[in-house]
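A short write-up of the structure that comes next.
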Number of protein chains: 2
Amino acid sequence: MSAKSPAEIPDIVIGRLPLYLRALRRLQQENESVTSSHELGRRLDISSAQIRKDLSHFGGFGKQGTGYQIEYLIDKLQDVLQVNQEWMVVVVGAGNLGIAISHYRGFQDRGFRIAHLFDVSPQKIGERIGEFVVQPVDSMHNIIRDEGIKIAMLAVPAEDAQEVADQLVEAGVQAILNYAPININVPLDVQIQYIDPVTRLQHMTFYLDG
Amino acid sequence: MSAKSPAEIPDIVIGRLPLYLRALRRLQQENESVTSSHELGRRLDISSAQIRKDLSHFGGFGKQGTGYQIEYLIDKLQDVLQVNQEWMVVVVGAGNLGIAISHYRGFQDRGFRIAHLFDVSPQKIGERIGEFVVQPVDSMHNIIRDEGIKIAMLAVPAEDAQEVADQLVEAGVQAILNYAPININVPLDVQIQYIDPVTRLQHMTFYLDG
């Protein structure tokens, strides 16, 4: 595969690759071995031309007219997204949300494994949550540094999010998935993504008949 | 405010309005009364020119040089997004995720109130989850129809998501927030948004030093 540098490929294209990967793995579960940009497009509600253009950034994945080999394309997309390895992830915040994240079974076979769950509250520290024992935020820095962990999920109250994010970055975290409903500032070389269901709901209510 | 029809305004602009609203409410909590496109841009990591352009779709919100009145702009954005009212929402799926959603305190003062929690499992039906009693999916259609509920959050396993979405649409739901890690097809006049933390994580790993 031709190796383009990240800077050459628009971020919006990168953002669609995980959707392609998810749809391809679904097709694989359905025992399909070959698919087309049309089939992918139908499933994802994205035009087939867009899909072909996005994938062309990474070299030729399919021969003209024969479609995409699903297993091959999954492997290549996992290479591009660097999820053919397992990334360790820490979760900060052991409230309802942090607990739900820690119980979620969907991370592991998609490239991620939750390694630690942290909280600041003395009532929660030491508590067993599934396979985790809640650890004190005080120990977070050393654990992240010693284990070389690069990814964190932030499930703390909005008012604490910036401070915790600063601590995570200081410890060496390079990517934060922030569930707190607030924007936080991170250095340019640190990745940040947001999950806020309310912003998604408000996006949709714009279109509803009031 | 000039009333543009939804079709005239790019969907990507609509998607940013909830972020502006969230940042403005944060500023209000910090006891600010006036802000600028520069301040908003700094907090949201969006250019001030983009913010001014986005807001100009809805008429003039600020006088040149005097900035935006926060309370006024919040009110107008809530009007545009139709969240100056409270929308009733149903949650389908009473697993860990559905339970966490049901416990989440962040919906109510941002335009949404969870009205019902449904599950298909006989072991879960009748169980008390916070202020909710889990109701059978069999009763979902009539409850949604009778109460005129238009919004649903889907927290069921991937393999059940399409079937449940079809049932929701059949009952009159016009907007679905899908937490199941699978794309689903809905009619053109039904809104759908996705929450899948893994796609967000995979977006970020592209940029990490492997």
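Quick note: the coordinates plus some simple rules give every number you see, no bench work behind them. Source: prediction; values computed, not measured. Virtual Cβ from ideal backbone geometry, glycine too; neighbours counted across all protein chains shown.
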*asked:* How tilted is helix B:70-81 with respect to the longest principal axis of chain B? Cα atoms for both, answer in degrees (0 to 90, nearest 10).
replied: 50
*If you line up the long axis of helix A:11-29 against the longest principal axis of chain A, both from Cα atoms, how many degrees apart are they, to the nearest 10?*
80
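Summarise the partner chain shielding of A:158-167 as one whole number: the mean count of Cβ atoms from other chains within 10 Å of each residue's Cβ.
Values: counts 4, 2, 0, 0, 0, 0, 0, 0, 0, 0.
Counting Cβ atoms of other protein chains within 10 Å of each residue's Cβ and averaging gives 1.
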*Percent of Cα pairs exceeding the 39 Å cut-off, where the set is the protein assembly as shown*: 20
_Antiparallel DSSP beta bridges within chain B, percent to nearest 5_ = 25
_About the Cα centre, and with charges only on the beta carbon of Lys, Arg (+1) and Asp, Glu (-1), how big is the dipole of chain B? Nearest 20 debye, please._
860
*How far is helix A:158-171 tilted off the main Cα axis of chain A, in degrees rounded to 10, range 0 to 90?*
80
*Summarise the long-distance tail of P(r) for segment B:6-80 by giving the % of C-alpha pairs beyond 18 Å.*
31
*Dipole of chain A (Lys/Arg Cβ +1, Asp/Glu Cβ -1, origin at the Cα centre): which of A:41, A:149, A:182 lies farthest to the positive side?*
A:41
*Ordering of A:36-42, B:182-188 by packing [mean C-beta count within 10 Å, highest first]*: A:36-42, B:182-188
*From the residues A:191, A:19, A:139, which one has its Cα farthest along the dipole of chain A in the positive direction, the dipole being from +1 and -1 charges on Cβ of Lys/Arg and Asp/Glu about the Cα centre?*
A:19
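From other protein chains only, count the Cβ atoms within 10 Å of every residue's Cβ in B:188-200, then give the mean. If you can, show how the numbers build up before the last one.
Details: counts 1, 2, 2, 8, 3, 6, 3, 4, 6, 12, 13, 10, 11.
Other-chain Cβ atoms within 10 Å of each residue's Cβ, averaged: 6.
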*Tell me, what does the Kirkwood hydrodynamic radius of segment A:87-196 come to in angstroms if you use every pair of distinct C-alpha atoms?*
13.7
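Can you give the average number of partner chain beta-carbon atoms within 10 Å of each beta-carbon in peptide B:92-101, as a whole number? Don't skip to the answer; put the middle values down first.
Values: counts 0, 0, 0, 4, 9, 6, 1, 4, 10, 4.
Per-residue shielding by partner chains comes out at 4.
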*Find how many whole Å separate the alpha carbon centroid of segment B:142-173 from the alpha carbon centroid of segment A:100-154.*
33
*Can you work out ³J(HN,Hα) from phi for every residue in segment B:113-130, in order, using Karplus 6.51 cos²θ - 1.76 cosθ + 1.60 and θ = phi - 60°, giving whole Hz and x for Gly and Pro?*
9, 6, 9, 8, 10, 10, 8, 9, 7, x, 5, 9, 4, x, 5, 8, 10, x
*Listed residue (A:161, A:10, A:51) projecting farthest to the positive dipole end of chain A, Cβ model*: A:51
*Using a Cα distance threshold of under 18 Å, what count of lysine pairs results for chain A when pairs must be 8 or more residues apart or interchain?*
5
*Over the C-alpha atoms of chain A, what are the Rg and the largest Cα-to-Cα span, Dmax, in Å?*
19.6, 62
*Taking amide H positions as placed in the peptide plane 1.01 Å from N, state which residues far from residue A:153 in sequence (5 or more) or on other chains have amide H under 5 Å from it.*
A:90, A:91, A:92, A:177
_GNM result for chain B, Cα springs below 10 Å: residue of B:198, B:92, B:137 fluctuating most strongly_ = B:198
